[in-house]
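Before any comments, here is the structure.
Every number in this text was worked out from the coordinates using simple rules, so none of it is lab data. Keep in mind that this is a model prediction, so the values were computed, not measured. Here the Cβ is made from the backbone with ideal geometry for all residues, glycine too, and neighbour counts use every protein chain on show.
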């Protein structure tokens, strides 16, 4: 039987079709959704001040007796009430606009309570548009008042009224999914108490207790959900790749023919992957490596292992530019094999797509490299055994799973990311994956020299860029990040392109690249840059990931103070990929210590893992997860940087539960399983 808490919000008195639509815009569809729409802050209105003690511009609660009411109608449909009150110390004036309900309640001598921002006008206390209670009522004064995230057409008092109705009319105790033994072990309050106190706390301490429980729930359900995915996949039969001496010698020969020697870290990770693929359990592995550490070659070796076993491999990249780059690199490395490699992206012609579909289905295509086009329903494989996704954060768990389901057996999955995450966090955030780390750079690679300069010194930086161009090198200039709008990013890039083309770099070959361009146009620009026909590429952050032009030696980042350290490091990694000394110049403005500290970190370190740790400490988790497709996007209260101890507690408890009861079949865990099924789908959507 469906719980009343799962019913739509229009069962609440006062929520009709129009208001229901407004709630929907905030993602609030059910009673439970509304209960989980938590206050974003609180106003402590518990204490009343004597009017004589009220300061200028102070938010305050006052009360007194009504001694006069002045009604003015300056224009049609406008009524202004000026209420004079007295509290035995001084009088005060309350100004109320267009409120017929208040007007009908005003009687001389009645007690009135008001909350608002006080001003002193000629020494007299005035509060404009106050929130008001009468007599002994405490709906807006004398309480800790919750303030909710709103949208157009949705008002704070409406939310308060609706949530109060739920708490008074429905049984929210049924939301509890942790038994008393677990709650006692973890020192958690009951869930219904947490919900009541997060919305209507009597004391600030109760907010802390409630938040602790609700934050724990968010972390726990994500961790146990990821563990369940991993357990579910491991339980399925996987594909066991042949690991004979002949196979090993073929892999050794393939590695021997590579144009470079593998580092010890690469060799270690390669062996971990081969061991996984030789097992009959499906591989679920994340390979983390800093920019330029050589993750792609590991993906190639894994693809070759699948190929010599007679299986197909699919590699999915986040952008067409990167997919094309991978395709060309694979063609080069696999040139001495008979592997048939194809490219499949959104801009592949309809005729070529049909050919690739046919080759994948009949098995004549061994390796396919593409973008989201690979997860379309039309794409069917003959004998897929390995899925590789590049830059994991850009693909949700569901998108990865869609590729994994394109075979009758559970295929092996390899996830490659150059976005370093502090190792302690990585094990928590990727609970559905085993983790390998390439923590060593190829020998002979010159560290990128990084400099930070004030924007006023931009012309000196541009002169240096000209010197590099004279040596035959190429330059990237990345435009400021404007988080509110991609269109503003593009506008800024356009303006900089026009300005530099007509002034400092007049006579040089410049090009502009941004995310709104058509895929073919972007590819043509990148091809021209890669082949040396463009001196300077001005771009938005579309070149952040994976683009490889060995001849580029200078990365100039405009307004570097607007970027997170991890993103600055990713952008910097577009240079330093060839034999030449490379440079990154951070043009910034602002004098505060925080900016200076961040610029210093970038100048002193080329280690992505160290930088990511500093970034997390300085900025919180947004740089990694704020716009990424991960369950962390959907947290209501949890914040990794603030709640790391609760995160560890939740992770440890999830591990304990799953180790003892991986399918959550035991009586004490059945409620966890039900809650997981309901809420984890939202986390991973």
Practice task
Can you tell me the alpha carbon radius of gyration of region 267-351 divided by the globular rule-of-thumb value 2.2 N^0.38 Å?
Solution key: 1.16
Problem - Cα gyration tensor shape for region 449-605, rounded if a/c is under 1.5, else prolate or oblate - result: rounded
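Need one number for region 95-171: average projected area of the convex hull over its C-alpha atoms, nm².
Seen from a random direction, the Cα hull of region 95-171 projects 7.5 nm² on average.
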Exercise for the section: Quick one: divide the alpha-carbon radius of gyration of region 575-615 by 2.2 N^0.38 Å and tell me what you get. Expected result: 1.35
Completion exercise
Residue span residue 495 to residue 110: 0.36 nm per residue of separation minus Cα-Cα distance leaves a gain in nm of 132.3 nm
Handout entry: Mean-position separation - Cα centroids, region 172-202 and region 549-616, in angstrom
Key = 45 Å
Handout entry: Inter-site label distance for residue 122 and residue 605 at 7 Å from Cα along Cβ, in nm
Key = 6.2 nm
Practice task
For n ≥ 4 DSSP H runs only, could you compute -39500 (n - 2.57) per run for the chain, divide by its residues and tell me the 222 nm figure to the nearest 500?
Solution key: -12500 deg cm²/dmol
Problem - 19 Å reach of a label modelled at residue 517, 7 Å along Cα-to-Cβ, counting backbone N of region 551-569 - result: 551-558
Handout entry: Radius of gyration and maximum dimension Dmax of region 47-142, Cα, Å
Key = 12.5, 38
Handout entry: Spacing of the two label points (7 Å from each Cα toward its C-beta) at residue 70 and residue 502, in nm
Key = 5.8 nm
Handout entry: Which of 241, 372 has the fewest Cβ neighbours within 10 Å, and the rest in rising order
Key = 372, 241
Practice task
Compute the length gained on full extension between residue 136 and residue 434: take 0.36 nm times their separation in residues and subtract their Cα-Cα distance, giving the result in nm to one decimal.
Solution key: 101.2 nm
Problem - FRET E, pair residue 350, residue 509, Förster distance 35 Å, beta-carbon r, rounded to 0.05 - result: 0.55
Exercise for the section: Would you indicate which of (i) 97, 71, 46; (ii) 88, 79, 64; (iii) 121, 74, 42 is the value of Cα extents along the principal axes in Å derived from the coordinates of this structure? Expected result: (i)
Practice task
Obtain the nm distance between the two label points defined at residue 190 and residue 677 by a simple spin-label model: each point lies 7 Å from its Cα along the Cα-to-C-beta direction.
Solution key: 2.5 nm
Fill in the blank from the handout: Quick calc, residue 98 & residue 528: beta-carbon distance into FRET formula, R0 51 Å, rounding 0.05, result 0.25
Fill in the blank from the handout: Helix 245-256 sits off the longest principal axis of the Cα atoms of the chain, rounded to the nearest 10 on a 0 to 90 degree scale, by 80 degrees
Problem - Distant alpha-carbon pairs in region 146-279 (separation over 20 angstrom), percent - result: 69 percent
Exercise for the section: Grab the Cα-Cα distance for residue 460 and residue 59, subtract it from 0.36 nm times how many residues apart they are, and report the gain in nm with one decimal. Expected result: 139.3 nm
Fill in the blank from the handout: Computed over all unlike Cα pairs, the Kirkwood hydrodynamic radius of region 239-389 in Å stands at 15.8 Å
Practice task
Take the alpha carbon atoms of region 207-228, find their center, do the same for region 93-139, and report the distance between the two centers in whole angstrom.
Solution key: 42 Å
Practice task
Using packing as a proxy for protection, rank 151-162, 558-569 so that the peptide with the highest average count of other Cβ atoms within 10 Å comes first.
Solution key: 558-569, 151-162
